[in-house]
Amino acid sequence: MLTESNSMKPGDELLVGFKFTLNPGWHTYWENPGDAGEGASIKWNLPNDVKASEILWPGPERIPVEPLMTFGYEDEVVLLTKIYTSETTTIPVTLNAQVSWYTCKEICIPQEAEVSIPINLGNKTSSTSKDLLEQVLDQVPEQFNGTYRVQKLDDSYVLQGELENIDQYDSMYFFPKYYGLTNYSENQLYEINKDSFSLQIKASEIEIENKSFEGVVALNKNEEITFIEIDYPLVTNDTSQEFNILTLIVFAFLGGLILNVMPCVFPILSIKILRFVEQSRDSTYKTLQQGLLFSLGVIISFLTIAALLIALKSGGESIGWGYQLQSPVVVSLLFYLFVVLGFIFMSNIVLGSGLARLSSISLNKSDSLESFLTGVLAVIVASPCTAPFMGSAIGFALLQPSFYSILIFLGLGIGFSLPYLILSAKPSLLSFLPKPGQWMETFKQFMAFPMWASALWLLWVLSNQVNNQEVIQVLLGALLITTGLWLIEKNNSERDWVRWLMRLPFLLLFIFSLWLIPTSYSDLDESKQDQIAYTPQLLEDLRKENSLVFLNFTADWCITCKVNEAVALKTSKVRKLISDKNITYIEADWTRKDPIISSTLEQYGRTGLPLYLLFPSKGDPLILPEILTEDILLSYLTEVQ
Amino acid sequence: MKNFLLAILFIFAQTSFAFIAMDSEAPNFELTDTYGNKVSLESFKGKKVVLEWTNHGCPFVAKHYKTKNMQSTQELAKSEDVVWLSIISSAPGTQGYVTNEEANNLTTTREASPAHVLLDPTGKAGMLYNAKTTPHMYVINEEGLLKYQGAIDDAGGRGFMFKDLQEANNYVKKAIKELNQGKRVSDPITKPYGCSVKYAG
C-alpha cells in the first residue's frame, strides 16, 4: 500500500494506492473482468468517521484467453482509493485493509493480503510515492467532455461523438462496465475523422436489460492510451411499451384535432369553411371535393415535414419539434405571414393567388388548387402552435424508426384535416349558424386579431434571439409589406398595365423587407445572463456534491413551457420551497440552437420540450409531467430527498 | 474517411460459439462419462437436468466445493429427481483436465453427488452452450427447454473471497424450486463468474 503522504490533519483527503506487480504473462482484472475472472476487492477496516471511496480503476487492456476475452492489467497496476476524514477524526490513525485479487495466466491463483499503514498527525508532506500515485490518477478515465450519443442498430451499438482533434488517435476500443451489454470478443469497428468519431460494437447476445451504456473508451496514440468515461442512458424497452405505436398515433390524431382551434390556425380554417357553407347548405360533390383536396394538402405537407425531419436526423442534425423556431429567419418570415394574413382579413384585398383569395367569399374555378394550397398554408401557420399532445408525440416519433415516424405524422395530418373534411361532406352540420350576410364579413375582420396576436408572440420569440435594433427592422419590414398591400388594394384601375405597374412598389417593398430579416443570433440580454445556465459540467459537479437539482428545459417559443412557468414554476410558493429546500434551479434554454442541450434531451429520449428533471441527492432523476400545476410541482418538490 | 477499418478477423474463431436463447431447445450432445458410458442429453427427456461446467483446479470452483455450496445444490437436485451433469471441458494438458480415475476420486473425496461426470476434452459441448466460466450453470426442464443459465449464485463480482457462500442467493436452487412450483424462473439469465473454461486455445 502506498500513500501520498505519511501525515495529515483532520478533514484532509488522502490518496492511497495498492500496487500489484505481476510476473510476465500474468494478469489481474479490471472492474468488469470480461468473460471470466474477477477484479480485486478491498475491504477497509477504518474508524467510523473515516471513509474510503470505491476503487478508482485505471483504464484496462484487452487480454484475450482464446476463445474468450478478458479485461485487466499486465506487468504492474496501482488501484487507487481516496480516504476522507472529518474534522473530528482522531489522528494518528491506522488505515487497515484486506485485499483480495486474482492473478491469472492460463490458470488463476487467488491471493489475499492484509495491509496496514499508520498515518501521523501533521501537515501533508509529499511521500516518495506521491508522484506515482498522481501519475496513476491521470490514467483513471475521466468523464468525456464532448458531445456523444449511443444508438442501437440491429445487433450493434453505435457510439458517435465529437471531440476536437480526435484524429490524433489511431484507434479506439470500448470496454463495457457491465455484463450483457456488448460482445467482448468481437472486434469493434471504428471511424475517426477530424473532429468526430463513430464506433460500432456488437451487442451482447445475452439480453440483460441495461439502463445505460456505460464504460470506458480507450483512445490509442502510438504507445500512449487515453481513457474516457462514457455513460449514456438507454431508452429501455419498457418506455416504448408504455408508448406503443398505436397510442402515439392516437395522440398525434388528437393533437391534430386540437390544432384546429389554436389561434394561429382557427381563423384561416373557419373563414374557409364559412365560404363553402354559404355556397351550399347541402352536401354536394363539389364541397366534398374541396374537403378532400384540402386534406390532401394537409397530409402531403405533414409528410413532407416528416421526410425533411428524418433526412435531417439521418444527416446527424439534432432536431425536435419547435426546432424550426430556433432560426430568426423562420420566425421573421412567420411574423410577416401572420401580419399579412391579419391585414388580408381586415381588408377586401384580392391578390389573385390561392393564399390571398381567402378574403373573397365566393367559390370559383381555381378553387381546386386553392383548397390544396389552403391545406399547405394551414400546416405552415400551425407550425408555431405546438399543442401539448404534439410535443411528446412528435418528439417520440423522431426517435422511432422512420416508418413509425411517418405513421405518426400521418395521424397528425388526418386529425388536423378531419373537422374540415367532415364539414365539407356535410355542411348541414353548420345549419345552426345564421343566414349568410354581413355578420360573416364582420367575423372575418375580427379573425385578424388572433392572427396579429400570434404575430406578436413570434415577435417576442424573436426579441430573445436578436437585439432591439433588429427587432425594429423586422417591424419596419412588416410596415413596408402592409403599405405595399394597401397600395394594391387601392388600385382600382381598369387597365391591366396600370394594375401591374402598381404592383411593382409592393414587390420592391417586399424584397426590402426580406432584406431586413436578421440571420444570426446576437448577444443575450443581461437579464438572461443572471440565471444559472445549464452545462453538463455544472450538473455533474452539483451531483457530486449530492445537491438537489431542478433542471428546466425551456425555450421562448415553447408555449407549454411558458404556461408551466407562469402557473407553476415561478409562483411564490414554489420559489420559496425551492430556496427552503436548497434546490439548485437550472435552466437549459433552447430558444437558440444548442447541440449540448439537444444531446442531453436525447439522453432522456426526448427531442422536444418541455422536459423537467428533478434530481434527488442520489440516484436517477425524476421526470416530471409535461403539464405542471402548482400542486403537482409542490408535491414533487416536497417529496424529493 | 481515413482510418476506416473493417474487421473480419476473429469472426471465424467465433463461429463455433452459440448463445442459446431462453426457453429455446437445449441442444443435444453426447459425451462419455467417467465410467466409459455414452451419455446423451436427449436420454433425460422427462426429467429436469442441471449442467455444471467445472474445473477442480479453479479457485472459484474450489471455494464452492470447500464450503459445500455445490454439494448442497447437488443434493437438492437429487432429492427433487433432477439429473445433475458435471462437465469438464478442459483440453488435455490444461488445468482441470482429468482422467476417469482422477475424476471419480474427486467426486468421492469432495462428497459430490452428480448423476454423471462428463469429459469434453474437445470443448465441443462447452462451445455449444457458450460456457465461459467454471462454474457456469444451466437448468433444462422436462421438455428439454433451457430455463436458466449463468452463475451458481450472486456472490460473484468483487468481494467473492469475502462473501459467505451460505448467505448468497443460490440461483440454481431457486430455479429448481420455481420450476417445481410451475412458475417462471425469476432470474433466467445471470452473469456467470469464475475462471475461464480452458478450451484448446
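Values in this text are rule-based calculations from the coordinates and carry no lab data. Everything quoted here is computed from the prediction, not taken from an experiment. Quick reminder, even Gly has a Cβ in these numbers, built from the backbone with ideal geometry, and neighbours come from all protein chains shown.
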Cα-centred dipole magnitude for the protein assembly as shown, charges only on beta-carbon of K, R (+1) and D, E (-1), debye, nearest 20: 2920
Radius of gyration and maximum dimension Dmax of segment A:36-121, Cα, Å: 16.2, 53
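Counting other C-beta atoms within 10 Å, and keeping those with at most 16, which DSSP coil GluC sites (Glu not before Pro) do you find in segment A:104-155? Working shown, then result.
Values: sites: A:106, A:112, A:114, A:134, A:142; in loops: A:106.
Within segment A:104-155, the qualifying GluC sites (Glu not before Pro) (loop, at most 16 other Cβ atoms within 10 Å) are A:106.
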³J(HN,Hα) computed for each position of segment B:135-141 - Karplus, 6.51 cos²θ - 1.76 cosθ + 1.60, integer Hz, glycine/proline x: x, 9, 10, 9, 10, 10, 8
Calculated FRET efficiency for the pair residue A:307/residue A:167, C-beta based, R₀ 35 Å, to 0.05: 0.60
Nonlocal amide H pairs with residue A:190, under 5 Å, H built at 1.01 Å: A:200, B:5
Using θ = phi - 60° and Karplus 6.51 cos²θ - 1.76 cosθ + 1.60, couplings along segment A:496-512 (whole Hz; Gly, Pro as x): 4, 5, 5, 4, 5, 4, 5, 7, 4, x, 4, 4, 5, 4, 5, 4, 5
From phi via Karplus (6.51, -1.76, 1.60), per-residue ³J(HN,Hα) for segment A:462-467 in Hz, x at Gly/Pro: 4, 5, 8, 9, 10, 7
Rounded FRET efficiency, nearest 0.05, which uses the C-beta distance separating residue B:124 from residue A:300 and R0 of 45 Å: 0.15
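Per-residue mean of other chain beta-carbon atoms within 10 angstrom of the beta-carbon, peptide A:34-45?
Across the residues of A:34-45, the mean count of other-chain Cβ atoms within 10 Å is 5.
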Additional length obtainable on full extension of the chain from residue A:130 to residue A:82, 0.36 nm per residue less Cα span: 16.0 nm
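Give me the dipole magnitude in Debye, nearest 20, for segment A:143-234 about the Cα centre, with unit charges on the beta carbon: positive for Lys and Arg, negative for Asp and Glu.
Details: 7 positive and 17 negative charges, 30 e Å.
Taking the Cα centre of segment A:143-234 as origin, the dipole is about 140 debye.
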Debye log10 I(q)/I(0) for the protein assembly as shown, one point scatterer per Cα, at q = 0.05, 0.07 Å⁻¹: -0.42, -0.73
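Which length gain, in nm to one decimal place, applies between residue A:545 and residue A:222 when the Cα-Cα distance is subtracted from 0.36 nm times their residue separation? Numbers along the way, then the final one.
Working: separation 323, 0.36 × 323 = 116.28 nm, distance 3.74 nm.
Taking residue A:545 through residue A:222 to full extension adds about 112.5 nm, to one decimal.
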Rg to Rh, two decimals, where segment A:97-222 supplies the alpha carbon set and Rh follows Kirkwood: 1.08
Pair-distance profile P(r), taking every C-alpha pair of segment A:527-639, with 5 angstrom steps and integer %: 2, 11, 23, 27, 22, 12, 2
Cα-projected label distance for residue B:186 with residue A:535, points at 7 Å along beta-carbon direction, nm: 4.7
Segment A:453-489 and segment A:541-617: distance between their alpha carbon centers, rounded to Å: 31
Inter-probe distance in nm under a simple model that places probes 7 Å from Cα toward Cβ, at residue A:489 and residue A:475: 2.1
Estimated inter-spin distance, residue A:121 and residue A:433, nm [label 7 Å along Cα→Cβ]: 9.1
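Set the Förster radius R0 to 60 Å, insert the Cβ-Cβ distance between residue B:47 and residue A:618 as r into 1/(1 + (r/R0)^6), and round the FRET efficiency to 0.05. Mind showing how you got there, number by number?
Working: r = 47 Å, r/R0 = 0.79.
In this case the efficiency is close to 0.80.
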Neighbour-limited loop hits for GluC sites (Glu not before Pro), segment A:71-104 (at most 12 other Cβ within 10 Å; DSSP other than H, G, I, E, B): A:87
Residue order, fewest to most surrounding Cβ atoms within 10 angstrom, among A:615, A:18, A:416: A:18, A:615, A:416
Unit charges on C-beta of K, R, D, E only; dipole of segment B:27-196, Debye: 420
